[in-house]
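Worksheet: one structure, shown below.
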Amino acid sequence: MINRIRELLSGIEDNERKKKDEQIIYTLLEKGYFPGLDGIPVIKSAISHIDGEKGLLTYRGYPVQELAENCTYEDICYLLVHGELPSYEKWAELRKKLLQYKEIDKNVGRVILEMDRKLHPMYMLSAGVLLLQANDPECFEVDHYYNSSKRALRLIAALPGIIGIFLNREIDFTNGKEFDSFAQYCLYVFNQEYALDEFWVDIFEKILILHADHTMNNSTFSVRAVASSKASIYASIVSAINSLSGPLHGGANERVIYMLEEIGSIDNVENYINDKLAKKEKIMGIGHRIYKTYDPRSLYLKNEILPMIFGSGKKIDSSLYELYKIAEKIEEIVLEKFSGKGLYPNVDFWSGLALKAMGIEPAYFTTIFAMGRIMGWVAHWVEHMEIKNRIFWPEQLYNGLDTRHLPAEREEEITVSREAAAND
Ligand code: ACO
């Protein structure tokens, strides 16, 4: 057996893959299972790729920074789903469709407005997508691929509207308004004044692009797991939204800002970090499952987007400059303290500062992540519909009790007490 394993491993040419496969075998032999599925390939996918050692992220082969620098939301949406960048005609058609499909049915809008205003926007968003499902009785026919793909596009277009209705308390929020681009519409949801300024629209669009896909992360894994049961596309996207809301995933961006506010001054940074480490608590926005060096999205935010904002001469709240300086100090200490441990600020660490500069409430940050990531979720769902599907159904190691039986007296006791209750 061992010889056979050795023989199979020696046949793997890709050294990186070989190292990972060896690690999988060691983990299996050592632990008997894979905590957090760390390192376990669950699917073959051609959509995005990460090289965690080099700090590289590509969508369909293109480095994410190049795409953020030169492309639009529509380009990325088309690229992720179809594999190539669109021709001008396809690009224009997609932009037209996204803006045309943005309107939300009044029945759905009415229920969104009934929701508690204090509800976290991510929970509202997941409920909103379920309302779309409830309004679409034929959505269970997932094998009708063409109809499902149309639904996928409508879902991407619908996300900003759900958020816009809830945030702006306006049932007709999405209706009858013209936009130059889908990204402009997305920003309009949060800040109508900034959506008129190309400078902010461009930055917002870059942020959406940076978040568009990221291989088999927790939310994308949810999309594929649910898709594998042949549930509706809404079911897949809702599970992904809920996964993304967690603080260990997309929900970290909001918490980074709360952390910076709690620290309050550069002088408190060192103590704050030491205190967290002493309590064995995580520092929000730090660390990543895959990257063992700086996450390229995070670097792009830090080196390109934030200097653009803070050096722009645009009106920016002075307290935000202070938070920016606190973040820089955290970065400095983290890089020093964790050098060798592969812990770096991740995309959530820097994105919140950019979004806050646009006057957006932190509670809404993860909904913006979702507006970008839905392109990737949909691309994965489409890819899943095109492969030979096998339902995701992993194994567990049972560590509960051996089989046992109820004592006969207990059955009698239950019968007597039920009879007594019935006669009461
Ligand atoms: N602060 C302090 N220590 C950390 C942090 C952190 N943020 N992240 C990881 N570590 C340490 C762990 O304590 C652990 O140390 P140990 O080996 O001495 O026990 C080691 O690094 C490995 O950490 P894990 O939690 O096992 O790493 P995992 O791959 O499971 O988790 C994750 C990755 C969830 C991102 C983690 O780093 C984390 O919780 N970070 C904070 C939350 C966050 O920023 N999430 C956003 C992720 S990016 C995204 O989803 C877009």
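A quick yes/no check of all residues on (1) of a type in the set (V, I, T); (2) at pLDDT below 95; (3) under 27 Å from E193 (Cβ atoms); (4) within 12 Å of the ligand (Cβ to nearest atom):
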{"residue": "I286", "(1), (2), (3), (4)": "yes, no, no, yes"}
{"residue": "R289", "(1), (2), (3), (4)": "no, yes, no, yes"}
{"residue": "K302", "(1), (2), (3), (4)": "no, no, yes, no"}
{"residue": "K314", "(1), (2), (3), (4)": "no, yes, yes, no"}
{"residue": "E322", "(1), (2), (3), (4)": "no, no, yes, no"}
{"residue": "I330", "(1), (2), (3), (4)": "yes, no, no, yes"}
{"residue": "K337", "(1), (2), (3), (4)": "no, yes, no, yes"}
{"residue": "G342", "(1), (2), (3), (4)": "no, yes, no, yes"}
{"residue": "W350", "(1), (2), (3), (4)": "no, no, yes, yes"}
**OP:** Tell me, please, whether a residue that is aromatic (F, W, Y) and closer than 30 Å to I326 by Cβ can be found in the range 357-366.
**Re:** yes
Of the residues in the range 263-280, those that are within 15 Å of the ligand (Cβ to nearest atom) and in a helix (DSSP H, G or I) come to I263, V269, E270, Y272, I273, N274, D275, K276, L277, A278
Surrounded by fewer than 24 Cβ atoms within 10 Å (Cβ to Cβ) and either more than 24 Å from E198 (Cβ to Cβ) or not β-branched (V, I, T) (or both), is that true of A379? no
_Looking at the structure I just gave you, is E262 surrounded by fewer than 22 Cβ atoms within 10 Å (Cβ to Cβ), among the charged types (D, E, K, R) and either in contact with an Asp or Glu (Cβ under 9 Å, 6 or more places away or on another chain) or under 25 Å from A363 (Cβ atoms) (or both)?_
yes
Any chance the range 226-234 includes a residue that's under 21 Å from the mean Cα position of the chain (by Cα), under 26 Å from L67 (Cβ atoms) and more than 11 Å from the ligand (Cβ to nearest atom)?
-> yes
Checked against (1) crowded, with 17+ Cβ neighbours inside 10 Å; (2) at pLDDT 95 or above; (3) assigned by TED's automatic domain parsing to the domain that holds Q133, S48 satisfies every condition except (3)
When (1) within 13 Å of the ligand (Cβ to nearest atom); (2) farther than 21 Å from G342 by Cβ; (3) over 15 Å from the mean Cα position of the chain (by Cα); (4) surrounded by fewer than 15 Cβ atoms within 10 Å (Cβ to Cβ) are applied to G246, the one that fails is (3)
Taking the range 289-304 and keeping only residues that are buried (at least 20 other Cβ atoms within 10 Å of the Cβ) and acidic (D, E), one is left with D295
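The values are calculated or read from the model by the stated rules, or taken from the named source; none is laboratory data. Values in this document were obtained by computation on a predicted structure and should not be read as measured data. With ideal geometry, Cβ positions are generated from the backbone for all residues, glycine too; neighbour counts draw on all protein chains shown.
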